[in-house]
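A short write-up of the structure that comes next.
What follows draws every value from the coordinates through simple rules; no lab data is involved. Computed from a predicted model, the values in this text were never measured in an experiment. Backbone-built Cβ (ideal geometry, glycine too); neighbour counts: all protein chains shown.
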Amino acid sequence: MSTYNFKKEVKVYVVSGGNQYQIDVSDISFSQTFKETSYPVKTLHTLSNVFEGSVINSANNADFEFSMPALVEADYTIIESLLLQAESFDLFIKTEADVFKLETAVITNGSFVIERSRPLSISISGEASKLTRGATLTGTAQSRSATSSFTIPTIDITLNSSSLSNIFRVGIELQNDISWTPYKTVNGALSSTNASTSMYPSSFSLDKKILSGSITQYLLSDNTSSTQDWDTDATLSIKAGNGASGSNFRGFSFGPATCSFTNRINAGEVFLQGYDWRMTENPTSLATILKYETD
């Protein structure tokens, strides 16, 4: 009897530096497409050939997305490292029926999701060189913590030395803007006869990084923060976690760092104001500015 692949049964593994890390995800998607080029086949002798021919000998980069909880334990810090450093890794998706492999994967976008009264989470999206079905899981399995603890965050935000209160939602997003090295060759096109011999991207370069986010705040009568404002040299600090300070803090922290921001009013059923910000300084180490702090 045939076995179906169900998303709810998926197990996800990241393999980096020969080590295998299992990541619990709440959702995942992945795919890869091939490039098709058409060419005319109509000639003076075959004027009725109005349907063009097709050439398929190369693949686009694969895409993937998944969401994961930001645990108090350090089981998932490998994701933070791969995101901040834009390093390549292999991603395996295992079901009861199959094992899928995404080779030379890189995280192009990481969103730190912060909502009041909801556990912290991280949404990841990225690209890879090749998607294979029927792969063999590799790497040395790393041990997991005995418990998995979620964090309901307390949010602390300071903008230009002023504390922002009545926060509704916060977003922090790091983008790695990459370019895949050109990989089409004449020899590769001539030797391509099927999917396995097609030309796939194999390496990439990092062009730039963008670290930005948003802050949504209730607009109350005793709210003294500025509205309809902007600044290109603001100091921003964000902490979202268990509320403890110093070495006991567990959660997301950003800054203090120099940012630009714009501020606007949102006149909904409850009036809000939103800050859209972007980091403008270039730290020696991004890991000192953006942190996922764990046990």
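Name the lysines eligible as straight-distance cross-link partners of K239: C-alpha to C-alpha under 19 Å, and not fewer than 8 places from it in the same chain. Partners found: K291. Highest-first packing order for the peptide set 87-98, 156-167 is 87-98, 156-167, based on the mean count of other beta carbon atoms within 10 Å. Ordering T151, V186, G171 by Cα displacement along the dipole of the stretch 84-228 toward the positive end leaves V186 in first place; charges were set at the Cβ atoms of Lys, Arg (+1) and Asp, Glu (-1). Each Cα pair under 8 Å and six or more residues apart adds its separation to the average, and for the chain the resulting relative contact order is 17 percent.
Grab the other residues whose beta carbon is less than 11 angstrom from that of L211, score K and R as +1, D and E as -1, and report the net. Intermediate values should be presented prior to the final figure.
Working: positive: K208, K209, R278; negative: E173, E281.
Surrounding charge for L211 is +1.
R0 = 41 Å: FRET efficiency of I265 with D207, Cβ-based, nearest 0.05? In this case the efficiency is close to 0.70.
Please report the antiparallel percentage of the DSSP beta bridges confined to the chain, to the nearest 5. Write out the running numbers ahead of the final one.
Details: 103 of 106 bridges.
In the chain, DSSP labels about 95 percent of beta bridges as antiparallel.
Once the C-beta distance of E281 and D229 is scaled by a Förster radius of 22 Å, the resulting FRET efficiency is 0.60 to the nearest 0.05.
So what's the back-of-envelope 222 nm ellipticity for the chain, counting only DSSP H runs of four-plus at -39500 (n - 2.57) apiece and dividing by all residues, rounded to 500?
Details: 2 runs with 15 residues, N = 295.
Taking each H run of at least 4 residues, the total per residue is -1500 deg cm²/dmol.
Under a model in which nothing but the beta-carbon of Lys, Arg (+1) and Asp, Glu (-1) is charged, the chain shows a dipole of about 580 debye around its Cα centre. Most tightly packed first, judged by the mean number of other beta-carbon atoms within 10 Å of their residues, the peptides 288-295, 143-150, 12-19 read 288-295, 12-19, 143-150. Peptides 201-208, 105-112 ranked from most to least packed give 105-112, 201-208, packing being the mean of other C-beta atoms within 10 angstrom over each peptide's residues.
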